[in-house]
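Notes follow the structure.
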Amino acid sequence: MSGQSLLVPGEITPVRSVPGNIRRPEYVGKPAPTPYTGPEIQDSDTIERMRIAGRIAAQAMEEAAKHIAPGVTTDELDRVAHEFMIDHGAYPSTLGYRGFPKSLCSSLNEVICHGIPDSTVLRDGDIVNLDVTAYINGVHGDNNATYLCGDVDEESRLLVERTRESLDRAIKAVKPGRQINVIGRVIESYAKRFGYGVVRDFTGHGINSSFHSGLIVPHYDSPNATTVMQPGMTFTIEPMLTLGTHEYDLWEDGWTVVTKDRRRTAQFEETLVVTETGAEILTLP
């Protein structure tokens, strides 16, 4: 097990600017987004636009990940992703979403999700999740991945590898006609083989012109997730696995979610569209 000290909040730099010619999501400058009332099944034009948004988000995440190294701040990773999206005509979806102050989420070690990039310096042995969403042509593309910083202990490295594997297995389980709870069933059954916790209160979600459409995609076997998958449905799968409990605490910033036992956690995410035979990943670089 890693001997790293626990994280503490750092200093947050001022909000980064976005050129006025880049279209903003409707929620920017508002306390909350307008509830989505449109369809979960998207037409071919919307899906094509989501491919573009997804590609930019994936490329921005890859570009930021190239800078992961001991001594680099999470704010610097945010700057790289922010500038990449802006340079490609996209708006960073997290920036201004319910007041979130940055252009990606950076979640290290015991942080499950929604970590705010700040002056925190990456250390040798950290695991670093970057969650990047791009908004362009009226739609969002959302993805995340967990990366190794320097020399990472075996337990953490295996957690990261297996979390990615749980996502890949879940994607293969997506088929039209199946209930959406098959996704969580596959993830939870795989995670249990290693004694991992599966975070329950943060889920995958419908995504399209809305960042979060209201469709819920649990990562555990939920009897309530009975929505039947149909071709054209677009949503994320983003399992969060932990070395210990799935229970969590929330920092005073109202965003940063940490495991209650402060043991490590990893996450991976893709945006998908259900096809006639399975699923297509829309967040491909």
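The values are calculated or read from the model by the stated rules, or taken from the named source; none is laboratory data. Owing to the predicted nature of the structure, the values given are computational and were not obtained by experimental measurement. Here the Cβ is made from the backbone with ideal geometry for all residues, glycine too, and neighbour counts use every protein chain on show. Heads up: the accessible areas ignore ligands, DNA and RNA and are worked out on the full protein's heavy atoms, side chains in. Shrake-Rupley method; radii C 1.70, N 1.55, O 1.52, S 1.80 Å.
Structural remarks
- Point-to-point label distance, residue 249-residue 30, nm (Cα→Cβ direction, 7 Å offset): 3.5
- Counting protein heavy atoms only, the chain has 51 percent of its accessible area on carbon and sulfur, 1.4 angstrom probe.
- Using distinct alpha-carbon pairs, which all enter the 1/r mean, Kirkwood radius of the chain in Å: 18.7
- Most fluctuating residue given options 105, 149, 113, as computed from a GNM of the chain linking Cα atoms under 10 Å: 149
- For the peptides 26-38, 55-67, 221-233, the ranking by packing is 55-67, 221-233, 26-38, with the highest mean count of neighbouring Cβ atoms within 10 Å listed first.
- Here residue 260 is the anchor, and the lysines within straight C-alpha reach of less than 22 Å, apart from those fewer than 8 places off in the same chain, are 192.
- Rolling a 1.4 Å probe over the heavy atoms of the protein chains gives the chain an accessible area of 41 Å² per residue.
- Cα-based reach from residue 30 at 23 Å (exclusive), listing lysines while leaving out same-chain residues under 8 positions away: 102
- C-alpha center-to-center spacing [region 256-283, region 161-234] in angstrom: 8
- Legend: P(r) of region 45-135 from all alpha carbon pair distances, 5 Å bins from 0, whole percents, reading 3, 16, 26, 24, 17, 9, 4, 1, 0.
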